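Accompanying notes for the structure given below.
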Amino acid sequence: MKVSFSVNDKTVESDVEPRTLLVDFLRNNLGMTGTHVGCDTSQCGACVVHMDGRSIKSCTLLALQAEGREIKTIEGLAFGDKLHPMQAAFREEHGLQCGFCTPGMIMSAIDLLQSNGDPTEAEIRDGLEGNICRCTGYHNIVKSIQTAAKAQ
Amino acid sequence: MYRFNYEAPTSIDGTLTALRQNSEAKIIAGGMTLLPTMKLRLASPDYLVDINNIQSLAGITKNNGSIVIGAMTRHADVASSALVRDCIPCLANLAEAIGDRQVRNRGTIGGSVANNDPSADYPAGLVGLGATLVTDRREIEADDFFTGMFETLLKKDEIITAVRFPIPKRAAYMKFPNPASRYAIVGVLVAETSNGVRVAVTGAASCVFRAQAMEVALENEFTPNSIALLTLNSTKFNEDIHATAEYRGHLVNVMARRAVSALT
């Protein structure tokens with residue numbers, strides 16, 4: 001079936017099988033491999049992207065369901081060479097170890113700060129309920145988000 | 001996932017037509033249960049009718065002392081609604097504790113209650129608050145709607161359009177969540193309504209139910225102590241790797257007392 005939506009402010013059009021997941025479409029059809037597939041069961045959050053400004057798990061959305069919507073992925077955050085403040089904070093605070101969960105963590109963290117610009121540590125940890133770090137590097141991830149919140 | 005055909009109508013009529021023309025069709029709302037189930041090949045509908053594009057199904061209004069929540073309203077929107085926070089704060093809290101942020105951004109109240117997972121939160125919300133389900137053709141009391149594990153009174157081609165919650169005098173929901181999924185191992189909603197005290201339990205048995213003995217005791221004396229010695233018969237309660245039936249029985253009492261404590 002035909003589908004058309006915006007990915008990082010560019011319109012994409014394609015013909016997909018209805019069972020194509022958004023994350024597979026991003027990675028396989030568009031070659032945008034910044035969005036990861038971890039558990040593929042909507043638990044780990046490695047596949048988090050934004051749809052119309054809200055964080056969602058792209059392994060649990062059909063590509064067809066993005067019809068007419070605006071998708072933002074990790075590739076769309078930086079302004080040229082300038083990192084998004086959340087990306088810069090993760091770099092500054094060493095908010096990653098192996099880096100596998102990082103795209104999802106960053107996309108979730110941006111959504112978190114959208115609704116709560118000055119979260120407590122507990123609120124950050126609660127807000128990351130849907131993201132799992134297999135290195136268990138949560139301490140610096142939380143610190144990164146606190147740094148990003150202060151920089152706002 | 002097995003192959004399927006897909007349609008996303010923009011009206012309730014269009015949805016009903018699609019359902020009637022395809023006997024194996026299934027509605028997809030938020031998809032937070034259906035898609036994972038299809039990926040595991042535990043479900044294989046050959047036709048999906050996506051109702052995410054029907055604008056009239058989403059939204060929250062106040063009407064004659066009730067809060068009316070459209071079936072496609074996301075958990076995140078119930079959780080952050082000033083109207084819900086103001087009138088039925090326990091319902092906003094219940095929605096806020098479902099799954100994780102990304103699940104709450106997609107999952108819907110209509111999808112949750114139509115699925116009737118024995119561990120879902122909303123069934124306790126609806127039964128505990130004495131809500132009414134509105135469908136394309138009728139109204140159904142929550143007390144009657146949930147009939148068994150993943151079973152409801154909904155017909156195959158029937159669609160929930162909204163849920164109407166009477167505003168209670170006071171109400172609280174307490175759950176003991178599974179730490180991984182945040183589904184309720186046991187969740188208890190206690191409400192004092194104009195028609196008396198209601199106590200609804202989810203997660204413990206195959207389907208949400210009302211704990212009548214607790215309602216009677218609380219009607220008599222609204223304190224945690226009044227139900228402290230009430231033990232439910234847990235022989236038919238759920239038993240899995242997370243909790244034994246006996247433990248679930250114990251949790252019902254603890255969660256009920258916590259809910260009452262929060263209100264007194």
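Of the residues making up region A:50-84, just one is touching a His at 6+ places or on another chain (Cβ under 6 Å) and either at pLDDT below 95 or within 14 Å of another protein chain (Cβ to nearest Cβ) (or both), namely A:72.
Here's the yes/no breakdown for (1) within 30 Å of residue B:107 (Cβ to Cβ); (2) within 14 Å of chain A (Cβ to nearest Cβ); (3) touching a Phe, Trp or Tyr at 6+ places or on another chain (Cβ under 6 Å):
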| position | (1), (2), (3) |
| --- | --- |
| B:182 | yes, yes, no |
| B:200 | yes, no, no |
| B:204 | yes, no, yes |
| B:225 | no, no, no |
| B:232 | yes, no, no |
| B:236 | yes, no, no |
| B:243 | yes, no, no |
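When residue A:45 is tested against (1) touching a residue at least 60 places away in the same chain (Cβ under 8 Å); (2) within 15 Å of the chain's Cα centre (by Cα); (3) more than 25 Å from residue A:151 (Cβ to Cβ); (4) in a loop (DSSP other than H, G, I, E, B), just one condition goes unmet, and that condition is (3).
Of the strands (runs of 3 or more DSSP E) lying entirely inside region B:159-264, those containing at least 2 residues that are among the aromatic types (Phe, Trp, Tyr) and crowded, with 19+ Cβ neighbours inside 10 Å span B:170-177.
Residues in region A:128-152 that are crowded, with 22+ Cβ neighbours inside 10 Å and either within 14 Å of chain B (Cβ to nearest Cβ) or in a loop (DSSP other than H, G, I, E, B) (or both): A:128, A:130, A:131, A:133, A:145. Screening region B:96-133 for residues that are among the hydrophobic types (A, V, I, L, M, F, W, C) and within 14 Å of another protein chain (Cβ to nearest Cβ) and picking the one that is surrounded by the fewest Cβ atoms within 10 Å (Cβ to Cβ) gives B:97. Return a yes/no flag: does region B:47-56 have any residue that is surrounded by 17 or more Cβ atoms within 10 Å (Cβ to Cβ) and part of a helix (DSSP H, G or I). The answer is no, given that none of the residues of region B:47-56 is surrounded by 17 or more Cβ atoms within 10 Å (Cβ to Cβ) and part of a helix (DSSP H, G or I).
For residue A:75, state whether it is within 13 Å of the chain's Cα centre (by Cα), outside any loop (DSSP other than H, G, I, E, B) and surrounded by fewer than 18 Cβ atoms within 10 Å (Cβ to Cβ). Criteria met by residue A:75. What about residue A:19, is it in contact (Cβ under 8 Å) with a residue 24 or more places away in the chain, out of contact with any strand residue (DSSP E or B) (no Cβ under 6 Å at 6 or more places or on another chain) and basic (Lys, Arg)? Considered against the rule, which asks whether it is in contact (Cβ under 8 Å) with a residue 24 or more places away in the chain, out of contact with any strand residue (DSSP E or B) (no Cβ under 6 Å at 6 or more places or on another chain) and basic (Lys, Arg), residue A:19 comes out as yes. Here residue A:97 meets each of (1) within 14 Å of chain B (Cβ to nearest Cβ); (2) part of a loop (DSSP other than H, G, I, E, B) with one exception, condition (1).
I want to confirm something. Restricting to region A:94-127 and keeping residues that are touching a helix residue (DSSP H, G or I) at 6+ places or on another chain (Cβ under 6 Å) and touching a residue at least 60 places away in the same chain (Cβ under 8 Å), which single residue is surrounded by the fewest Cβ atoms within 10 Å (Cβ to Cβ)? For region A:94-127, the residue satisfying everything is A:110. Has region B:75-90 got at least one residue that is under 30 Å from residue B:21 (Cβ atoms), touching a strand residue (DSSP E or B) at 6+ places or on another chain (Cβ under 8 Å) and within 14 Å of chain A (Cβ to nearest Cβ)? No, region B:75-90 contains no residue that is under 30 Å from residue B:21 (Cβ atoms), touching a strand residue (DSSP E or B) at 6+ places or on another chain (Cβ under 8 Å) and within 14 Å of chain A (Cβ to nearest Cβ). Comparison of A:34, A:38 shows that the only residue that is in contact (Cβ under 8 Å) with a residue 40 or more places away in the chain, under 16 Å from the mean Cα position of the chain (by Cα), more than 14 Å from chain B (Cβ to nearest Cβ) and not in a strand (DSSP E or B) is A:34. Taking into account only those residues within region B:90-104 that are charged (D, E, K, R) and assigned to a helix (DSSP H, G or I), which is farthest from the chain's Cα centre (by Cα)? Result: B:101. Restricted to region B:1-23, and to residues that are in a loop (DSSP other than H, G, I, E, B) and away from chain A (no Cβ under 14 Å), which residue is nearest to the chain's Cα centre (by Cα)? Looking at the filtered set, the residue picked out is B:11.
Just for region A:26-49: of the residues that are modelled with pLDDT of 95 or more and in contact with a Pro (Cβ under 8 Å, 6 or more places away or on another chain), which one is surrounded by the fewest Cβ atoms within 10 Å (Cβ to Cβ)? So the residue we want is A:34.
The values are calculated or read from the model by the stated rules, or taken from the named source; none is laboratory data. The structure displayed is predicted, hence computed values, not measured ones. Positions of Cβ are generated from backbone atoms using ideal geometry, with glycine treated the same way; all protein chains shown enter the neighbour counts.
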